[in-house]
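What follows is one structure encoded as structure tokens, with my remarks underneath.
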Amino acid sequence: MQKEANEKKNWKKILLSKENVGLIWILPALALLCVFCLYPVISAFYHSFTDWDGGMHADIVWFANYAEIFQDRLFWISLLNVVILTVVGMIIGNAASIFLAELMYNLRSKLSGVYRFLFVLPAMVPSIVVLLLWQKLILSGSSTGVMNTILRWFGLPSSEWFASKNTFVVFLSIFLYGFPWMGGTSFLIYLAGLNGIDPSIIEATKLDGLGTFKRVFLIDLPMITGQLKYFLVMGFIGGLQNYTMQYTITSGGPGEVIGSMQSGTMVPGYYIYLLISGASREDAYGYACAMGMVMFLIILAITVINNKLVKSQNEVD
């Protein structure tokens, strides 16, 4: 009896240890993570090898879906489109945010806090509201649109912008969206990185007669490479998955029609959405899962390569 009592006491002591109590506290969150995050990934991986119709039917077809992806011309066009949109968008967005952060960093004013608030304020507006504002008002295809009005001032012809049949014009409209591409949390993070530079370094550059522009490229940018790498990686990951513009405005068009879908501005995320919504063809859940796994592997490869590059550079430093 004494032995059993001691064993129960030991088990109770183990269960109530700091490590196990912490595990008990995180179990609800861990359970939710498994159900809503990990299970969908595992399910998608399994069903990518089937002809799943979204219901109970899911016969194993092994690598047939993946073989179809490599022969799917629309998928490769959409992948090229999303790479172009993502790369150009990251260059424009990061360059504009760094430029604004540099301006604020070099600004010596009592109103600096007010300016920072004003530049972050637009980020609080829901993105769909901003998107519709650009579609219906600023880049509206009508003659009363803001951009078309400005073009007429300079004697230039109007454009249909997002509604144009010219793929280049639609791409240009997507790139112009959000002009001047400043503000938001990226601006604050870049500004925080600049404020973290040791003031003695800045004073040394002044004593050496280093101009502002040379200091920006030789001192400021190298000192915020951590923030820049973060936004480049996260921007690329987010950009490859994004299809907001296609869903709300372009519907993948204009351009050549492949199957039942336009290819001009088609991106993988929107392609997968059309597959699982039944808008392109029925019983395509398995094929959509396979396409999602291909995108997952691409994003994973980019993340791993970036981590390797960052780690090797840190070891050199």
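Listed values, structure above:
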read-out	value
Odd one out for T244, checked against (1) under 30 Å from Y190 (Cα atoms); (2) over 14 Å from the mean Cα position of the chain (by Cα)	(2)
3 or more residues in contact (Cβ under 8 Å) with a residue 24 or more places away in the chain and over 19 Å from G178 (Cβ atoms): qualifying helices (runs of 4 or more DSSP H) within region 69-145	73-106
Helices (runs of 4 or more DSSP H) within region 169-223 that include 3 or more residues within 27 Å of the chain's Cα centre (by Cα) and not basic (K, R)	185-195
Residue under evaluation W62, criteria (1) in a helix (DSSP H, G or I); (2) farther than 30 Å from I219 by Cβ, criterion not met	(1)
Those residues of region 153-212 which are small (G, A, S) and more than 30 Å from N81 (Cβ to Cβ), in sequence order	G155, A192, G193, G196, S200, A204, G209, G211
Region 264-283 - residue that is touching a residue at least 40 places away in the same chain (Cβ under 8 Å) and more than 21 Å from the chain's Cα centre (by Cα) and, of those, surrounded by the fewest Cβ atoms within 10 Å (Cβ to Cβ)	E282
Odd one out for T144 among (1) among the β-branched types (V, I, T); (2) at pLDDT 85 or above; (3) under 30 Å from S159 (Cα atoms)	(2)
Filter result for S173 (at pLDDT 80 or above, surrounded by fewer than 15 Cβ atoms within 10 Å (Cβ to Cβ) and hydroxyl-bearing (S, T, Y))	no
Selection within region 266-290 - modelled with pLDDT under 90, at negative phi and assigned to a loop (DSSP other than H, G, I, E, B)	A279, S280, R281, E282, A284
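The values are calculated or read from the model by the stated rules, or taken from the named source; none is laboratory data. All values derive from a computational prediction rather than experimental measurement. Note: ideal-geometry Cβ built from the backbone for every residue, glycine included; neighbour counts use all protein chains shown.
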